Amino acid sequence: MSEMTESPVEAGVTAGDDPFSLFNEWMELARAKEPEDPNAMALATADSDGFPDVRMVLLKGVDPQGFVFYTNLESDKGEELKANPRAALCFHWKSLRRQIRVRGTVTPVSDAEADEYFASRARDSQIGAWASKQSRPLETRFELEKQVAVYAAKFGLGKVPRPPHWSGFRIVPIRIEFWHNRPFRLHDRFVFERDTPTAPWRTKRLYP
């Protein structure tokens, strides 16, 4: 059976019925085949009133505890996750005709994790994290550029510390669905589900 027509159910059995192992297999294939940002994912959140919001972010870490991304904590998504610490993700690899959907609770990463990742970023991105008041009104582009210059001068050639308003979140999944395109819209859908983040996974196949 070719890579493009392999059933996710069969792949799941091969991966030992572990959704994170299967996710890593699919991500490895995406990194090899997807031309742009294979780690891009749609992040859906909701505010305290339950009104939804969605945007594209980049996955920066995955382990058996969950899926990690970083952001300005004062951004819309940061404020929404503070008010309602639940979220959903969707990875879509059009060239592979596959997607993965995730739902779960959200917890902050540790300061050590955030510091380590921030230190790995390009210096211009580190400066940008200080300069940008993410999601808030910006009168002109020049104002942003001026803030970049201010912080570039402030830190000079020295180390750029992580801003106190910048960190990461980990989405701890209770449901992960693997979707694979098949002919005539008879797609494969295979779900890993559990009642709590520490409960064992159950699996089931869904109608397309």
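A short reminder: the numbers here are calculations on the coordinates, not readings from a lab. What you are looking at is a predicted structure, and each value in this text was computed from that prediction instead of being measured. FYI the Cβ positions are ideal-geometry reconstructions off the backbone, even for glycines, and counts take in every protein chain you see.
Summary of values
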{"quantity": "Cβ-based net charge around Gly66, under 13 Å, with every Lys or Arg adding one and every Asp or Glu removing one", "calculated": "+4"}
{"quantity": "Coordinate range along principal axes, alpha carbons of segment 121-168, Å, largest first", "calculated": "30, 26, 16"}
{"quantity": "GNM flexibility winner over the chain from Gly66, Gly50, Gly78 (Cα, springs under 10 Å)", "calculated": "Gly50"}
{"quantity": "Relative intensity, log₁₀ I(q)/I(0), of segment 18-66 from a Debye sum that treats every alpha carbon as a point, q = 0.19, 0.33 Å⁻¹", "calculated": "-0.75, -1.18"}
{"quantity": "Positive minus negative residues near Val150 (Lys, Arg vs Asp, Glu; Cβ under 13 Å)", "calculated": "+1"}
{"quantity": "Dipole in debye (nearest 20) - segment 42-124, about Cα centre, beta carbon charges: Lys, Arg +1; Asp, Glu -1", "calculated": "700"}
{"quantity": "Lys, Arg +1 and Asp, Glu -1 on Cβ, resulting dipole of the chain about Cα centre, debye, nearest 20", "calculated": "260"}
{"quantity": "Residue with peak Gaussian network fluctuation, the chain [Cα springs, cutoff 10 Å], from Leu81, Leu186, Leu73", "calculated": "Leu186"}
{"quantity": "Distance cut-off 25 Å, percentage of C-alpha pairs in segment 99-208 lying past it", "calculated": "51"}
{"quantity": "Alpha-carbon centroids, segment 32-57 and segment 144-200: separation in whole Å", "calculated": "8"}
{"quantity": "Listed residue (Phe184, Leu89, Leu144) projecting farthest to the positive dipole end of segment 55-204, Cβ model", "calculated": "Phe184"}
{"quantity": "Net charge, Ala83 excluded, C-beta distance under 15 Å - Lys, Arg +1, Asp, Glu -1", "calculated": "-4"}
{"quantity": "Whether the chain is rounded, prolate or oblate, judged on the alpha carbon gyration tensor where a/c under 1.5 counts as rounded", "calculated": "prolate"}
